[in-house]
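Just so it is clear, none of the values below were taken in a lab; they were calculated from the coordinates. Nothing here was measured: the structure is a model prediction, and the numbers come from that model. Neighbour counts run over all protein chains shown; Cβ positions are idealised from the backbone, glycine included.
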Ligand code: ADP
């Protein structure tokens, strides 16, 4: 473990070394007697912990601390030391990212060792987390590349299959009997469905790679837009969509629109009579619960969890078209927003999908300001 001591008093360097060596731990020490020298050593070597004196001839310790933490994104813990127990320095040092603060007049071997061990533990943990984050970014990147390649490689032969089947259909229609023609149609339909599945699966995978663009969004405007996007099916099915006042929430506008579109689309699709959908928001601690209720066919309790899985469907394509990815996408979007989604439903009694979202930040701030007067 490499420890950098930045202190203009030689005796204090020796004292710190004595204190830390007492106990048998292996430390490598670097010595700087001015701020400039300290920053230079810090730049050149891998340092695990800095013991920083507040009173330096060229710069005060807080300025050095600021440069150290800014440079390394608070990766290296700094223990600030002062001659006296100045509270202002202590508070400012902590705010600037100092890991610990020890007034020299109460410095003991035990206190220093404990502070350094704690600081080094923290560095190790932060570095481990940093490595995990980098690995995760890398594997996300690899996975994204992989799914691009898979989507492309699966679609090219599929395109060839469709083209050749269409060719046979066009050229040999007269030679084929009805049964063969029907088989050919099935094959073309199958290929087209597979293409839809690959696209949808890629879309689902893509959701996992991209970070949501969080901002304050008005759910009412999102609902309005969703209704416009679904206007053809709303008109065709004579669906009535009503809502209570909807809040401003923290979220990604595009993803939330997709979430509402999937839920409302399903509510219309899985309904035998004229669909009536009602959207309602209720405050729940620091967030909102949004309910989308319909008068559709309902879902048996035993399927309430399954339907959020990939390609889970309760019906055959002929009764209700679809591929079984809509709710899996909803689940992923809500989780990306730090919330959860569930359903309350019984066959024949309609369904209510409920998801949670965080309150918009501006509103949180206003509420905090009101609470603190
Ligand atoms: P898809 O709509 O393509 O079938 P989803 O993932 O959106 O796929 O839904 C999965 C299954 O959940 C549906 O096939 C259906 O059985 C059931 N489901 C979803 N929404 C509703 C609803 N509002 N009412 C009744 N059943 C629903």
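At-a-glance table
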read-out	value
Rounded Å value of the spacing that divides the Cα centres of the range 228-272 and the range 309-348	14 Å
FRET efficiency estimate (nearest 0.05) - Cβ-Cβ, residue 301 to residue 95, R0 41 angstrom	0.20
Separation between Cα centres of the range 44-117 and the range 169-201, rounded to whole Å	73 Å
Principal-axis tilt of helix 219-229 within the chain, Cα atoms, nearest 10 degrees	30 degrees
The range 1-95: Cα Rg divided by the 2.2 N^0.38 Å rule of thumb	1.01
21 Å tail of the calculated P(r), the range 80-214, as % of Cα pairs	68 percent
Separation in nanometres of the label points that stand 7 Å from Cα toward Cβ, at residue 117 and residue 272	7.2 nm
In degrees, nearest ten, helix 109-172 long axis to first principal axis of the chain (Cα)	20 degrees
Relative packing of peptides 98-105, 172-179, 307-314, 334-341 - highest average C-beta neighbours within 10 Å first	98-105, 334-341, 307-314, 172-179
Base-10 log of normalised Debye intensity for the range 240-353 (one unit scatterer per alpha-carbon) at q = 0.09, 0.15, 0.17 Å⁻¹	-0.23, -0.65, -0.84
Most to least packed among 294-306, 143-155 [average Cβ atoms within 10 Å]	294-306, 143-155
Simple label model, 7 Å out from Cα along Cβ direction - residue 127 to residue 185, nm	6.9 nm
Antiparallel DSSP beta bridges within the chain, as percent of all bridges there, nearest 5	55 percent
Full-stretch length increase - residue 196, residue 142 - with 0.36 nm per residue and alpha-carbon distance subtracted	17.1 nm
nm² value of the averaged projected area, convex hull over the Cα atoms of the chain	28.9 nm²
Whether the range 209-259 is rounded, prolate or oblate, judged on the alpha carbon gyration tensor where a/c under 1.5 counts as rounded	oblate
Computed P(r) (all Cα pairs; the range 149-254; 5 Å bins; percent)	2, 9, 12, 11, 11, 12, 12, 10, 8, 6, 4, 2, 0
Cβ-based exposure ranking for 81, 1, in which fewest neighbours within 10 Å come first	1, 81
Neighbour-count order for 345, 34, fewest beta carbons within 10 angstrom listed first	34, 345
Nearest 10 degrees, 0 to 90: helix 10-21 Cα axis against the chain principal axis	60 degrees
